[in-house]
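A.B. asks: Have a look at this one.
The values are calculated or read from the model by the stated rules, or taken from the named source; none is laboratory data. Just so it is clear, the structure is predicted and the values come from calculations on it, not from any experiment. In this analysis, Cβ positions are derived from the backbone assuming ideal geometry, glycine residues included, and neighbour counts consider all displayed protein chains. Ligands, DNA and RNA are stripped out before the accessible areas are found, and what is left, the full protein with its side chains, is counted by its heavy atoms. Shrake-Rupley method; radii C 1.70, N 1.55, O 1.52, S 1.80 Å.
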Amino acid sequence: EFETGEVGQATLEFETGEVGRLASGAVTLRDGGTVVYSTCCAAREALPDAGFVPLTVEYQERASAMGQTAGGFNKRERRREFETLCARLVDRPLRPMMPQGWAFDTQVLNWVLSFDGERLAEPLAITAAGAALALSEVPMSKTVAGVRVGTAPDGTFIVNPSRSQMQDSRLDLVLAGTSEAVLMVEGFADFLSDEEMAEAIRVGSEAVAEICAAVDAWAARVGRPKRQPPPKANDDANGADEAQEDAGEEAEDGGDGELEEMVMAAAGEELEAAFRVAQKQKRGAAMGRCYARLQAELAGAMAARGWTEPQLSQAFKRVSSAVMRGLALRQGVRSDGRGLSEVRPIASRASVLPMAHGSALFTRGETQVLAVATLGTKADALRSDDLESRVEDPGSPAVKRFYLQYHFPPSSVGETGRVGAPG
């Protein structure tokens, strides 16, 4: 699903649905040859002690975006100071728009996958992140977008100028907001008057409002249904949960055979129907509803026998495994409804990123790989630092001219988690 529009000097092309299908929201935003990919994921369980907005924003520029290899001895992408500053630039306008009482761990990840040297990535990252949240299950108060404002030689203001246009600009202003208000401004100017700065902010805010209106209309067509903040848990409930967790740690078997029999009798047919659902997220939601019903139905029996919540959880997992195995052995049906000899749909597309030396997107079912190839000189080779490689020439360790690097972000499986330097 695409949405395209011109804002100032930029032609913004939004895309969703091809990459990152398991994320709650995933948007690829293109302006010229610059491509920013943003994902949003929110945990299914609320944090018990969220006295703050549980939002994490990450930003990373890939060296392959310009057809280069990463520097350093290991030739790996690593966290850099300007990326932390850009992540904060994205975070600041998003955080005030998070719903009151939202206690689900939420993570927004941004990658610059292609850079043409002209179309600048920072405002694109703000806009792509805002669009990913707008399409996601997170009930944001308002859609957020960002632009850069510069000046032309004649003093007129330019929205989303190119890098070349910024060379002669007396203003470098990054502005973010909603369709109704400005949330953040950051930048510097070369002795502009108060009136000129106010006009620059007005011009930028109008462009932001235009983008937000387009994203809102797009999200109404293709966005996910919104989740609601949970009721605030009281201290007694939190203490009971902690006591159950402690009891579960002591019960290594997670429950006895009687409990498993009760779970199988109460939920076996519902689990079998859930395992036939083809889409992973819908299948997970069906199993979640089954477990919630089971908790309510067996509450009395559990209290009478002294069973704990962790024991029920472990019993449910074992019964789920037994049901899934039974479907495959007795009926020839796998967990997503496929037959034993049926292959997931396969698709591939080459030249996905305009500025990379080589790129391809491979999709098999709901599993995807975005592969990028970069050519380099001898200086870009990966040096080996083990002792064996130093035997022939201690002063010149062996090098690898061909090497693979692998990155598995948590949003690729629709989850939140720690994000650090790959590898």
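A.B. asks: At a Förster radius of 60 Å, what calculated FRET efficiency corresponds to the Cβ-Cβ distance of Ala371 and Glu258, to the nearest 0.05? Each step should come with its number before you reach the end.
C.D. replies: Numbers: r = 51 Å, r/R0 = 0.84.
My answer for the efficiency is 0.75.
A.B. asks: Using the heavy atoms of the protein chains alone and a 1.4 angstrom probe, what is the accessible area of the chain per residue in square angstrom?
C.D. replies: Working: 22420 Å² over 423 residues.
Per-residue value: 53 Å².
A.B. asks: Take every Cα pair under 8 Å in the chain that's 6+ residues apart, average their separations, divide by the length, and report that relative contact order as a whole percent. Mind showing how you got there, number by number?
C.D. replies: Working: 775 pairs, mean separation 76.7, N = 423.
Relative contact order comes out at 18 percent.
A.B. asks: Treat each spin label as a single point 7 Å out from the Cα along the C-beta direction, and report the Arg364 to Glu342 distance in nm.
C.D. replies: Rounded to a tenth, the inter-label distance reads 1.7 nm.
A.B. asks: Which value in nm describes the separation of the simple spin-label points at Asp168 and Phe402, placed 7 Å from the Cα toward the beta carbon?
C.D. replies: Placing both labels 7 Å beyond Cα along the Cβ direction yields 4.8 nm.
A.B. asks: Rounded to the nearest 0.05, what FRET efficiency do Glu206 and Phe52 give with R0 = 30 Å and r taken as the Cβ-Cβ distance? Could you check?
C.D. replies: Calculated value: 0.35.
A.B. asks: Considering just Cα atoms, how many Å³ per residue does the convex hull of the range 1-120 enclose?
C.D. replies: For the range 1-120, the hull spanned by Cα atoms encloses 149 Å³ per residue.
A.B. asks: Any idea of Arg170's accessible area? Nearest 10 Å², probe 1.4 Å.
C.D. replies: 100
A.B. asks: Using the beta-carbon distance between Ala152 and Lys378 and R0 = 30 Å, what value does 1/(1 + (r/R0)^6) give for FRET efficiency, to the nearest 0.05? Please report the intermediate quantities before stating the final value.
C.D. replies: Working: r = 44 Å, r/R0 = 1.46.
Approximately 0.10, to the nearest 0.05.
A.B. asks: What order do you get for 122-135, 294-307, 99-112 when each peptide is scored by the mean count of other beta carbon atoms within 10 Å, highest first? Intermediate values should be presented prior to the final figure.
C.D. replies: Details: 122-135: 28.8, 294-307: 13.4, 99-112: 21.1.
Sorting 122-135, 294-307, 99-112 by mean packing, highest first, produces 122-135, 99-112, 294-307.
A.B. asks: Which sequence of His357, His407 reflects their accessible areas, 1.4 Å probe, from the largest down?
C.D. replies: On the way: His357 100, His407 65 Å².
From most accessible down to least: His357, His407.
A.B. asks: Counting only pairs 8 or more places apart or on different chains, how many lysine pairs in the chain have C-alpha atoms closer than 24 Å?
C.D. replies: Lysine pairs meeting both conditions in the chain amount to 9.
A.B. asks: Ordering Leu375, Leu173 by how much accessible area each has at a 1.4 Å probe, largest first, what is the list? Each step should come with its number before you reach the end.
C.D. replies: On the way: Leu375 135, Leu173 10 Å².
Order by accessible area, largest first: Leu375, Leu173.
A.B. asks: Which order, highest average first, do 340-347, 8-15 follow once you tally other Cβ atoms within 10 Å for each residue and take the mean per peptide? Please report the intermediate quantities before stating the final value.
C.D. replies: On the way: 340-347: 9.8, 8-15: 19.5.
Highest-to-lowest ranking by the protection proxy: 8-15, 340-347.
A.B. asks: Order Arg293, Arg325, most accessible first, counting only protein heavy atoms with a 1.4 angstrom probe. Could the numbers behind the result be given before it?
C.D. replies: Values: Arg293 80, Arg325 160 Å².
Highest to lowest solvent-accessible surface, that is Arg325, Arg293.
A.B. asks: Could you work out how much longer the chain between Glu180 and Glu45 gets when fully extended? Use 0.36 nm per residue separation minus the Cα distance between them, nm to one decimal. Each step should come with its number before you reach the end.
C.D. replies: Details: separation 135, 0.36 × 135 = 48.60 nm, distance 3.20 nm.
Between Glu180 and Glu45, full extension yields 45.4 nm more.
A.B. asks: Could you pull the accessible area for Thr308 with a 1.4 Å probe, rounded to 10 Å²?
C.D. replies: 20
A.B. asks: May I ask for the angle, rounded to the nearest 10°, between helix 280-297 and the longest principal axis of the chain, with both axes built from Cα atoms and the value confined to 0 to 90°?
C.D. replies: 40
A.B. asks: Could you work out the helix-only [θ] at 222 nm for the chain, with each DSSP H run of four or more residues adding -39,500 (n - 2.57) and the total divided by the number of residues, to the nearest 500 deg cm²/dmol? Let's see the in-between values first.
C.D. replies: Details: 9 runs with 139 residues, N = 423.
Using -39500 (n - 2.57) per qualifying helix, the result is -11000 deg cm²/dmol.
A.B. asks: Heads up, I need the accessible area for Ser169: 1.4 angstrom probe, whole protein in place, Å², nearest 10.
C.D. replies: Looks like 30 Å² after rounding.
A.B. asks: Any chance you could list P(r) for the chain, counting all Cα-Cα pairs in 20 angstrom bins from zero, rounded to whole %?
C.D. replies: Per 20 Å bin, starting at 0, the Cα pair percentages come out as 22, 46, 28, 5, 0.
A.B. asks: Would you mind telling me the share, in percent, of accessible area of the range 256-400 contributed by carbon and sulfur at probe 1.4 angstrom?
C.D. replies: On the way: 4810 of 8810 Å².
Here carbon and sulfur together make up 55 percent of the probe-accessible area.
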